[in-house]
Amino acid sequence: MLNDDDMKKTARRTKRRIPRRVAVTSAAALAAAGGAAALALGTTGHGSTSPQTFTETVSKGASKDAWKVPVTAVDVKDQSTWTLPLQRYQLRGNDTNTLLEQAAEKTAAAQCMKNFGLTYPHRVPESFNEAVTAKSSGPKNGMDGRYGIHDAKIVDSYGYSWPKGADSERALLRDENKALGALSASDRTVLHGWQDEDTGKPLPNVPRTVDGKAIPARGCIGQAQEQIRQYTGGTDTREDAVNKLERQAWEQMQADPRVQSVFAKWAAGMKSQGHTYKDPRSANNDPRWAGAGATSKEGIATAQADLKYRNEFHVNEVMHQVEAEKQNQLIAQNSKVIADARAYVGHVMRATNAILGR
């Protein structure tokens with residue numbers, strides 16, 4: 001049977017997303033996601049912010065068409081279509097890049113397992129559309145909820161929370177856990193390897209070969225990660241510098257007088273309805289809305305009032321406009337960080353495209 005350590009290790013290495021309540025707490029918690037262009041609200045773009053900067057759309061060949069990324073038009077009312085300048089230089093901060101790269105890792109790991117006569121125990125998507133539909137029914141991407149609630153239909157039913165995971169996703173997780181549990185000890189070694197992921201030291205009493213074939217040190221999953229994004233275990237710091245810029249821009253945005261002004265107007269509107277909060281984040285993060293409280297009558301009523309004044313004072317739009325401006329300033333001031341990030345993401349996405357046949 002698959003033990004807890006095996007499940008945690010697999011979840012960490014495959015980086016599955018787990019649906020959770022989104023709290024507007026920091027840029028790190030709400031990483032930027034893929035869209036198609038800069039929001040047309042006075043935001044100054046730093047070149048193209050398309051998620052396809054490093055994953056160019058192609059039009060010939062069946063396999064390439066399968067992984068063709070559809071262009072999403074920007075909708076002022078749909079935050080999941082909004083973008084930010086730093087997304088061009090991020091892997092994990094760009095949902096499209098992340099989705100494609102993870103699909104490539106699974107594809108490469110599955111081929112590695114096949115070379116050992118084994119079946120990879122995780123779903124391997126065969127197209128971009130299939131990979132997208134495998135996601136949870138929560139936020140569409142990292143931008144969807146970055147600035148807080150915005151969808152009236154969701155707010156009317158779920159308040160400050162999100163719809164539960166789809167039945168299809170839960171069924172997928174059950175099937176994958178069942179497949180993992182059916183692996184023998186030697187098969188799991190092929191999957192995870194014989195080397196400790198954090199220390200790099202050999203694990204005790206773990207074979208390095210099976211049927212005369214050498215097992216990759218970090219298994220088929222680790223080999224795929226190294227092949228595509230040069231990850232060899234331990235703490236991955238390749239994106240730390242550009243993510244630091246993202247956090248700085250987020251903090252600068254919140255302190256900007258324009259944002260503070262709309263926060264004050266929003267707070268005054270909320271107070272007139274009997275809700276005392278200093279800013280939208282404090283309302284979203286009210287402990288009363290955790291768990292079942294989010295969909296309580298009071299929780300939904302508070303979220304509805306919150307959304308009313310967000311819309312009246314264009315709170316989310318102002319936050320996005322100012323954050324994009326701050327990111328552009330930091331991009332201009334940190335040419336070395338940006339050049340390194342561009343090179344890294346470019347390498348990863350070229351390797352991704354090669355594996356997916358893009």
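Estimate the FRET efficiency between residue 295 and residue 244 by the formula 1/(1 + (r/R0)^6), using the beta-carbon distance for r and 56 Å for R0, to the nearest 0.05. For residue 295 and residue 244, the calculated efficiency is 0.95. Average accessible surface for segment 198-257: 56 Å² per residue, computed with a 1.4 Å probe over protein heavy atoms with every protein chain in place. For residue 210, the residues whose amide H sits under 5 Å from its own are 215, ignoring neighbours fewer than 5 places away on the same chain, with H placed 1.01 Å from N. Between the alpha-carbon centres of segment 167-227 and segment 252-280 there is a gap of 50 Å. Of all aspartates and glutamates in the structure, those lying under 17 Å Cα to Cα from residue 140, and not within fewer than 8 positions of it along the same chain, are 75, 78, 95, 130, 151, 167, 169. For residue 271 and residue 152, the FRET efficiency from 1/(1 + (r/R0)^6), where r spans their Cβ atoms and R0 equals 35 Å, is about 0.95.
Close amide H contacts of residue 75 (hydrogens built in the peptide plane, cut-off under 5 Å, sequence separation of 5 or more or a different chain): 81. One quarter of the surface of the convex hull around the alpha-carbon atoms of segment 217-358 equals 12.6 nm², the direction-averaged projected area.
Multiplying the residue separation of residue 235 and residue 73 by 0.36 nm and removing their Cα-Cα distance gives an extension gain of 54.7 nm. A simple spin-label model places pseudo-atoms 7 Å from Cα toward Cβ; at residue 208 and residue 171 they are separated by 4.5 nm. Using just the C-alpha positions of segment 65-151 as equal point scatterers, what log10 of I(q)/I(0) does the Debye formula give at each q in 0.16, 0.25 1/Å? For segment 65-151, the Cα-only Debye profile gives -0.74, -1.34.
Ligands, DNA and RNA left out, the accessible area of segment 68-176 computed with a 1.4 Å probe is 52% carbon and sulfur.
Cross-linked pairs 77/271; 77/297; 178/297; 201/336: Cα-Cα separations exceed 30 Å for 178/297; 201/336.
Our Cα-only numbers for segment 209-269 put the radius of gyration and Dmax at 22.7, 72 Å. Nonpolar atom fraction for segment 203-358, defined as the carbon and sulfur part of the 1.4 Å probe accessible area, stands at 50 percent.
The values are calculated or read from the model by the stated rules, or taken from the named source; none is laboratory data. This is a predicted model, so every value here is computed, not measured. Quick reminder, even Gly has a Cβ in these numbers, built from the backbone with ideal geometry, and neighbours come from all protein chains shown. Quick note on the areas: whole protein, heavy atoms, side chains included, nothing else; ligands and nucleic acids left out. Shrake-Rupley method; radii C 1.70, N 1.55, O 1.52, S 1.80 Å.
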